[in-house]
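Everything on this sheet refers to the single structure shown next.
The values are calculated or read from the model by the stated rules, or taken from the named source; none is laboratory data. If you're wondering where the values come from, they're calculated on a predicted model, not measured in any experiment. So basically every Cβ, Gly included, is an ideal-geometry build from the backbone, and we count neighbours across all protein chains shown. Areas reflect the complete protein model, heavy atoms only, side chains present, ligands, DNA and RNA absent. Shrake-Rupley method; radii C 1.70, N 1.55, O 1.52, S 1.80 Å.
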Amino acid sequence: MQIATDDESSVPKSLVTGQVARVRLLTGLLQGVLLYAMYYATKHAIWPVTNAYFSAPLALCLLFVPILFTSAIGHLDRSRLWKWILAATVICIALGLHDAWRMDYVGNGLADTSNPSKFVLSGLLIVLTAGGLFIAHALVMAAAEDAKRIARYDTYFEVAWKLAIQVMFSLLFVGVLWLILWLGASLFMLVKLSFLRSLLDQPWFVIPMLTFAFSTALHVTDVRPRIVQGIRGLLLTLMSWLLPISVLIVGGFLMSLPFAGLEPLWATRHASSVLLGATALLIVLINAAFQNGRVAPETARVLKMAARLACVALLPLMVIAIHAVSLRVQQYGWTVDRIKAVACLMVGTCYAIGYLWAACERGQWLSRIAHTNIIAAFIVVFLLFALFSPIADPARLSVHSQMARLDAGKTPVADFDFHYLRFEGVRYGNAALQELKSRTQGADAELLRQGAEAALAKTNKWDRADNRRLADDQSRSRNIRVLPSGQNLPADFLGSNWDTSGNAYLVPDCLRYANAQCVAHLIDMDADGVAEILVEGEKNVSRLFLFKKEKSGLWRSVGMVEIGYGCEDTLQSLQDSRYQVIPPEFNDLQVDGRRLRFQPWFESRSACKQ
């Protein structure tokens, strides 16, 4: 029995029979049972789940392959179905094996693979694997629908949006079901019946129940395509009317750049991420207006104009973002985050060039967007696979870059980040540290060996105390500018031990690291006739750290002032001595030996002076 829709030309055909429905529900139940079995085996250390090289690929396969099977059955013939499921399984196995392998290094607890308790699948890997498989699944389903390797854009649009809405509403269904069960448990608890509450605490019940509910929701939304179409149409129409506002904001930003310059962007240190976010927003809203490319006659003129302008605005956003990342790479080399940013820039540039090409078209309204979207989808799938495989593993590329800069003398040994190699470079970084540890040639061989040994000895990622820590008062004196000018910091302050034993937030970086600078102010903050030290850190421009000398003669970090991000004018006024020390608005209240301080509402979050 074939379930079709009223509009056969625009909705992918379905071959959902009663047997297919039963297989789908059984698949969801079986997925839950297998996930619980893996959970139980991991908790009780049962072989072979105790081996990370087995558990990592198994976890990815159990999370995603059953969902792909549930969605595909009824739409793909048997041959295509099993080819796609086999391919997806191989991809999950490969990604899982690589994730386990890159984390398997001496000192991480995985050199002995019988101890998997320290191995956790990367959350980013799970999220991006889901995204990549979603795109690939839509490409496969659309190609099968049109019986072509490259389907029509209409088909890609219908399939992708249907899948997206199915997933969103299935997750919503599962969430509401969970809330209903907890409400039921609370109701029964009112009459002292705890059986449902106890049941909801049992993984053997919860895991299969959630996967069964998800597969049920996938099936129900699949056999009601008209409902999905209606929701999609409403959602895209509403989103499209956000496009003119976004174009005005982005356009205003771009037009302000010739007057404001690019320096304020670089000062934020996150310009590229903001620009990429703005680009992604415009791409989504452009597609909300464009839809399947056949809605031009129904689209308001203001939306058409806004979409065309948005297509033009993408390229300058990408050019600025590329420049921002390139500056950082030239200064500090490649890191994991910068390599991920470049992958995003590659996708964004593809969209920007393709959409500009579409905006220049004088015939049909932005019809070339369809071709761009198809090309970009394949690029995204390839990049995701490359980033999570040895082909372009960001850790491997960044470690190679940092080591090359060290060997070329671009990064002095005093500034080299051994900590980064230890915890961000994973297997590759730790192999590089082992190589540095064994170096015997070169003027800096001993310093490199000490830094590598110190980094390899660490077990806490958040412990940044390494060879960059300032060892004497002379080096601190060089890195701290004192105000008012002409004054010096006390010798016992400069000579203090600022190793905070894990409480790094108590002191600014300039008191510990050789490559950090800051400004110190000598101000009597408590009116006792002795100046305290107020320090603003290079990497903590939103905070001022207050240091006071105790009766014992030791200097101690006693508190901080939150300035707020983007308040550089406030810091400049402080450095220009445009400040006053004033008493608190309210006195403290002492209750049973405990001092209670009052903070007026919103005072610490007041707006910066513009």
SASA check, K548, accessible area w/ 1.4 Å probe, all protein chains in place, rounded to nearest 10 Å², comes out at 60 Å²
In terms of the alpha carbon gyration tensor, root eigenvalues a ≥ b ≥ c, rounded if a/c is under 1.5 and otherwise prolate when a/b exceeds b/c or oblate, segment 185-310 is oblate
Nearest 10, in degrees from 0 to 90: the angle of helix 153-190 to the longest Cα principal axis of the chain is 70 degrees
FRET efficiency for E435 and S122 from the Cβ-Cβ distance with R0 = 30 Å, rounded to 0.05, comes out at 0.75
Taking every other residue with Cβ under 12 Å from the Cβ of M560 and scoring Lys and Arg +1, Asp and Glu -1, one gets -1
With label points set 7 Å from each Cα along the Cα-to-Cβ direction at V284 and E263, the distance between them in nm comes to 3.5 nm
1/(1 + (r/R0)^6) with r = Cβ-Cβ of D592 and T237, R0 = 51 Å, i.e. FRET efficiency to nearest 0.05, evaluates to 0.25
Where a ≥ b ≥ c are root eigenvalues of the Cα gyration tensor, a/c under 1.5 meaning rounded, otherwise prolate if a/b exceeds b/c and oblate otherwise, segment 348-446 counts as prolate
Lys and Arg at +1, Asp and Glu at -1: neighbours of L218 with Cβ under 12 Å from its Cβ sum to +2
For F423, the accessible surface traced by a 1.4 Å probe with all protein chains present amounts, in square angstrom to the nearest 10, to 40 Å²
Here the relative contact order (percent) of the chain, from C-alpha pairs under 8 Å and at least 6 apart, is 9 percent
Residues other than L276 with Cβ under 15 Å of its Cβ, Lys/Arg counted +1 and Asp/Glu -1, net out at +3
Sorted by accessible surface (1.4 Å probe, heavy atoms of the protein chains only), largest first, T411, T268 come out as T268, T411
Quick shape check on segment 130-266: root eigenvalues a ≥ b ≥ c of the Cα gyration tensor, a/c under 1.5 is rounded, otherwise prolate if a/b tops b/c, else oblate, and it reads oblate
Charge dipole of the chain built from unit charges on the beta carbon (Lys, Arg +1; Asp, Glu -1), centred at mean Cα; most positive-end Cα among V23, C92, V191 is V23
Probe 1.4 Å, heavy atoms of protein chains only: per residue, the accessible area of segment 349-488 in Å² is 51 Å²
Over all pairs of different Cα atoms in segment 61-212, the reciprocal of the mean inverse distance gives a Kirkwood radius in Å of 18.6 Å
With every protein chain kept in place and a 1.4 Å probe, the residues F290, F214, F195 fall, from largest accessible area down, as F195, F214, F290
Of every hundred units of 1.4 Å-probe accessible area on segment 71-221, the number belonging to carbon and sulfur atoms, as a percent, is 73 percent
Note to self: C-alpha centroids of segment 146-180 and segment 283-301 sit apart, in Å, by 20 Å
With -39,500 (n - 2.57) per DSSP H segment of 4 or more residues and division by the full residue count of the chain, the 222 nm estimate, nearest 500 deg cm²/dmol, is -20000 deg cm²/dmol
Rounded to the nearest 10 Å², the 1.4 Å probe accessible area of I563 is 30 Å²
Rounded to the nearest 10 degrees, the helix 225-240 long axis (Cα) sits at an angle to the longest Cα principal axis of the chain of 40 degrees
Measuring from its Cα centre, the chain shows a charge dipole (+1 at each Lys and Arg Cβ, -1 at each Asp and Glu Cβ) which, in debye to the nearest 20, is 1480 debye
At q = 0.06 1/Å the base-10 log of I(q)/I(0) from the Debye formula over the alpha-carbon atoms of the chain is -0.47
antiparallel share of DSSP beta bridges within the chain, to nearest 5, in %, is 80 percent
Of E361, E446, ordered by accessible area with the largest first and a 1.4 Å probe, the sequence is E446, E361
So the angle from the long Cα axis of helix 243-260 to the longest Cα principal axis of the chain, reported in degrees to the nearest 10, equals 30 degrees
Mean Cβ-within-10 Å packing, highest first, puts peptides 26-35, 85-94 in the order 26-35, 85-94
